[in-house]
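J.: Pasting a structure below so you can have a look.
The values are calculated or read from the model by the stated rules, or taken from the named source; none is laboratory data. None of these values were measured; they are calculated from a predicted model. Virtual Cβ from ideal backbone geometry, glycine too; neighbours counted across all protein chains shown. Calculation scope for accessible area: heavy atoms of the full protein, side chains included, ligands and nucleic acids excluded. Shrake-Rupley method; radii C 1.70, N 1.55, O 1.52, S 1.80 Å.
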Amino acid sequence: VDHAGRIERITSDTEQDIPNAIVKAVEGGEKKVYFTQGHGERDTTSADQRTGYNAIASALQRDNFSVEPIVLAQQQQGVPADAAVLVIAGPKTDFLQPELDMVSRYLDKGGKLLLLLDPRDGADAAPLTGLVALAHAWGIDAGDNVVVDVSSVGQMLGAGPSVPVVAQYADHPITDDFGLITAFPLARSVTPVDGGVNGRVAQPIAMTSAQSWAETDFAGVFGNTPVSHDA
C-alpha cells in the first residue's frame with residue numbers, strides 16, 4: 001500500500017490486514033496508548049476473561065496504535081508528550097497525589113484520558129477518592145455503588161442483575177450508528193455533574209434501562225443477603 005510516499009507491506013490478504021495497512025499508510029507512524037500500572041490495573045498481556053486486556057491491546061495495534069505500560073510514579077517529566085491517550089483501567093488502589101497532579105497537567109494541556117473505575121470489591125474496600133475527585137473536576141460524578149438491572153433484556157441475555165444492559169445511546173460521535181445491545185458486568189454509575197465544573201460539562205453516551213438503579217448496599221451485592229433498592 002503506497003500513499004504519499006509512505007509504503008506499508010503485508011504478506012496476507014485477510015480482511016483485517018488490508019484495511020490496517022491502508023490506515024497505517026494514510027496516518028503515518030503509530031500513535032501511542034499508555035496504560036498505567038502500579039495500582040492493580042488491567043494487564044494488557046493477560047488473556048484472563050475478567051482482568052486481561054490482551055484482546056484490547058491487539059485490537060489497538062491493528063488500528064495503528066502501539067500499547068505501552070507506564071508507572072506514573074517513576075515518571076519525572078509526567079505523562080509522555082507522545083501519548084495519544086492515557087488509560088487508567090480498573091485500578092484497585094488510589095493514585096498518589098503526585099500521580100494525580102501529573103494526570104491533571106496532562107489533561108490541562110489537551111491530553112486524552114480513558115478512566116475506567118470499577119465498583120469497590122466489597123463493603124470494606126477503600127474508595128478511590130483521588131481518582132473520583134479527578135473525574136469530578138471534569139464534570140463527572142462516579143458513584144460509590146454498583147448498578148443493578150432487573151430489566152427483561154438482561155434476562156433474555158442470561159445475565160443477572162449485576163450485569164446492566166444498555167440499549168439507549170446519546171447522539172454523540174462515539175456512538176454514531178451504534179445499534180448494538182451492550183452489557184456491563186459489575187459497573188458503577190457515572191453521571192454528569194449538574195451545571196458542570198469550571199466550564200467542563202460532561203455528556204452521557206450510554207444509559208441503562210428504567211428498571212436499573214445504583215445500589216449502595218455493598219454487603220448485599222457481594223454477599224448472600226438480599227439487595228435493597230437504595231438509590
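J.: What are the residues in region 35-49 that are in contact (Cβ under 8 Å) with a residue 24 or more places away in the chain and either open to solvent by 30 Å² or more (accessible area, probe 1.4 Å) or among the hydroxyl-bearing types (Ser, Thr, Tyr) (or both), if any?
T.: 36, 37, 38, 40, 44 - these are the residues of region 35-49 that are in contact (Cβ under 8 Å) with a residue 24 or more places away in the chain and either open to solvent by 30 Å² or more (accessible area, probe 1.4 Å) or among the hydroxyl-bearing types (Ser, Thr, Tyr) (or both).
J.: Considering only region 153-172, state which residues are touching a residue at least 12 places away in the same chain (Cβ under 8 Å) and open to solvent by 40 Å² or more (accessible area, probe 1.4 Å).
T.: Selection gives 153, 157, 161, 162, 167, 168, 169, 172.
J.: Go through the residues of region 58-66 one by one and say whether even a single one is touching a residue at least 12 places away in the same chain (Cβ under 8 Å), surrounded by 16 or more Cβ atoms within 10 Å (Cβ to Cβ) and hydroxyl-bearing (Ser, Thr, Tyr).
T.: No, that holds for no residue.
J.: May I pose another question? Check residue 94 against each of (1) of a type in the set (D, E, K, R); (2) open to solvent by less than 60 Å² (accessible area, probe 1.4 Å); (3) in contact (Cβ under 8 Å) with a residue 12 or more places away in the chain; (4) farther than 23 Å from residue 121 by Cα and name the one condition it does not meet.
T.: Tallying (1) of a type in the set (D, E, K, R); (2) open to solvent by less than 60 Å² (accessible area, probe 1.4 Å); (3) in contact (Cβ under 8 Å) with a residue 12 or more places away in the chain; (4) farther than 23 Å from residue 121 by Cα, residue 94 fails exactly one: (4).
J.: Starting from residues that are touching a Ser or Thr at 6+ places or on another chain (Cβ under 8 Å) and part of a loop (DSSP other than H, G, I, E, B), keep the ones in region 67-94 and report whichever is farthest from residue 138 (Cα to Cα).
T.: 71
J.: Looking at region 54-68, can you tell me whether even one residue there is touching a strand residue (DSSP E or B) at 6+ places or on another chain (Cβ under 7 Å), within 23 Å of residue 120 (Cα to Cα) and not β-branched (Val, Ile, Thr)?
T.: The answer is no; no qualifying residue exists.
J.: Here's something else I'd like to know. Would you say residue 29 is open to solvent by 40 Å² or more (accessible area, probe 1.4 Å), part of a loop (DSSP other than H, G, I, E, B) and modelled with pLDDT of 90 or more?
T.: no
J.: Residue by residue through region 177-193, note down the ones that are free of Cβ contacts under 8 Å to residues at least 12 places away in the same chain and open to solvent by 90 Å² or more (accessible area, probe 1.4 Å).
T.: 177, 180
J.: Hey, another quick one. I want to confirm something. Restricting to region 106-135 and keeping residues that are touching a strand residue (DSSP E or B) at 6+ places or on another chain (Cβ under 9 Å) and open to solvent by 80 Å² or more (accessible area, probe 1.4 Å), which single residue is farthest from residue 77 (Cα to Cα)?
T.: 114
J.: Now for a separate question. Taking region 1-23 as the search range and keeping residues that are small (Gly, Ala, Ser) and open to solvent by less than 60 Å² (accessible area, probe 1.4 Å), which one is farthest from residue 63 (Cα to Cα)?
T.: 12
J.: Here's a follow-up. What number goes with the only condition from (1) open to solvent by 40 Å² or more (accessible area, probe 1.4 Å); (2) part of a strand (DSSP E or B); (3) over 25 Å from residue 218 (Cα atoms) that residue 101 does not pass?
T.: (2)
J.: Scan region 35-66 residue by residue and report those that are over 23 Å from residue 93 (Cβ atoms) and not in a loop (DSSP other than H, G, I, E, B).
T.: Matches in region 35-66: 55, 58, 59, 60, 61, 62, 65, 66.
J.: In region 143-152, what count of residues is obtained for those that are open to solvent by 20 Å² or more (accessible area, probe 1.4 Å) and under 21 Å from the mean Cα position of the chain (by Cα)?
T.: Number satisfying all stated conditions: 1.
J.: Moving to a separate point now. Please determine, by comparing only the residues of region 136-178 that are among the small types (Gly, Ala, Ser), in contact with a strand residue (DSSP E or B) (Cβ under 7 Å, 6 or more places away or on another chain) and not in a loop (DSSP other than H, G, I, E, B), which one is farthest from residue 203 (Cα to Cα).
T.: By that ranking, first place goes to 154.
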